[in-house]
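Student: This is the structure I want to talk about, given as structure tokens.
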Amino acid sequence: MDKTYNGWTNYATWRVNLELIDGMTPTDFGDDPAQIMDAYELSLCLKDTAHDNIENSAPEGLARDYALAFLQDVNWHEIAKHMIADYADENETA
């Protein structure tokens with residue numbers, strides 16, 4: 001069964017990118033080019049940021065547990081690669 005959604009791996013990846021990540025750039029996660037332009041390292045930062053956002057804004061309970069479980073379906077590497085590509089495109093033309 002095809003679980004892609006709007007060109008993304010799945011609904012969770014699309015939704016998290018749209019709601020939590022959209023508008024961010026790799027430089028929001030530091031200034032070390034080796035880290036922020038590496039998709040794996042950036043994906044870890046994105047995942048930590050999303051988890052922190054939920055843990056710091058939602059009270060403990062069922063809704064928070066569901067939100068954190070939802071994050072497990074996110075393809076963080078895909079979002080990181082997309083963010084790096086967008087950043088490179090924007091800075092190439094600047």
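The values are calculated or read from the model by the stated rules, or taken from the named source; none is laboratory data. Since the model is a prediction, treat every value here as computed from it, not as a measurement. Methodologically, a virtual Cβ is constructed for each residue, glycine included, from the backbone with ideal geometry; neighbour enumeration extends over all protein chains shown.
Rundown of residues vs (1) touching a residue at least 40 places away in the same chain (Cβ under 8 Å); (2) surrounded by 12 or more Cβ atoms within 10 Å (Cβ to Cβ), yes/no style:
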position: 51; (1), (2): no, yes
position: 56; (1), (2): no, no
position: 60; (1), (2): no, no
position: 70; (1), (2): yes, yes
position: 73; (1), (2): yes, yes
position: 82; (1), (2): yes, yes
position: 92; (1), (2): no, no
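Student: Scan segment 9-19 for residues that are more than 13 Å from residue 80 (Cβ to Cβ) and either out of contact with any Lys or Arg (no Cβ under 6 Å at 6 or more places or on another chain) or exposed (fewer than 13 other Cβ atoms within 10 Å of the Cβ) (or both) and jot them down.
Tutor: Result: 11, 12, 14, 15, 18, 19.
Student: Here's another thing I want to ask about it. Would you please name the residue that is farthest from the chain's Cα centre (by Cα), looking only at residues in segment 16-35 that are in contact (Cβ under 8 Å) with a residue 24 or more places away in the chain and assigned to a helix (DSSP H, G or I)?
Tutor: Looking at residues that are in contact (Cβ under 8 Å) with a residue 24 or more places away in the chain and assigned to a helix (DSSP H, G or I), I get 27.
Student: Quick one: residue 29 ticks every box in (1) modelled with pLDDT of 95 or more; (2) of a type in the set (Phe, Trp, Tyr); (3) crowded, with 16+ Cβ neighbours inside 10 Å bar one, so which box is it?
Tutor: In the conditions (1) modelled with pLDDT of 95 or more; (2) of a type in the set (Phe, Trp, Tyr); (3) crowded, with 16+ Cβ neighbours inside 10 Å, residue 29 misses (1) alone.
Conditions (1) of a type in the set (A, V, I, L, M, F, W, C); (2) touching a Phe, Trp or Tyr at 6+ places or on another chain (Cβ under 9 Å); (3) assigned to a helix (DSSP H, G or I), marked per residue:
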| residue | (1), (2), (3) |
| --- | --- |
| 47 | no, yes, yes |
| 52 | no, no, yes |
| 59 | no, no, no |
| 64 | no, no, yes |
| 70 | yes, no, yes |
| 77 | no, yes, yes |
| 80 | yes, yes, yes |
| 83 | yes, no, yes |
| 86 | no, no, yes |
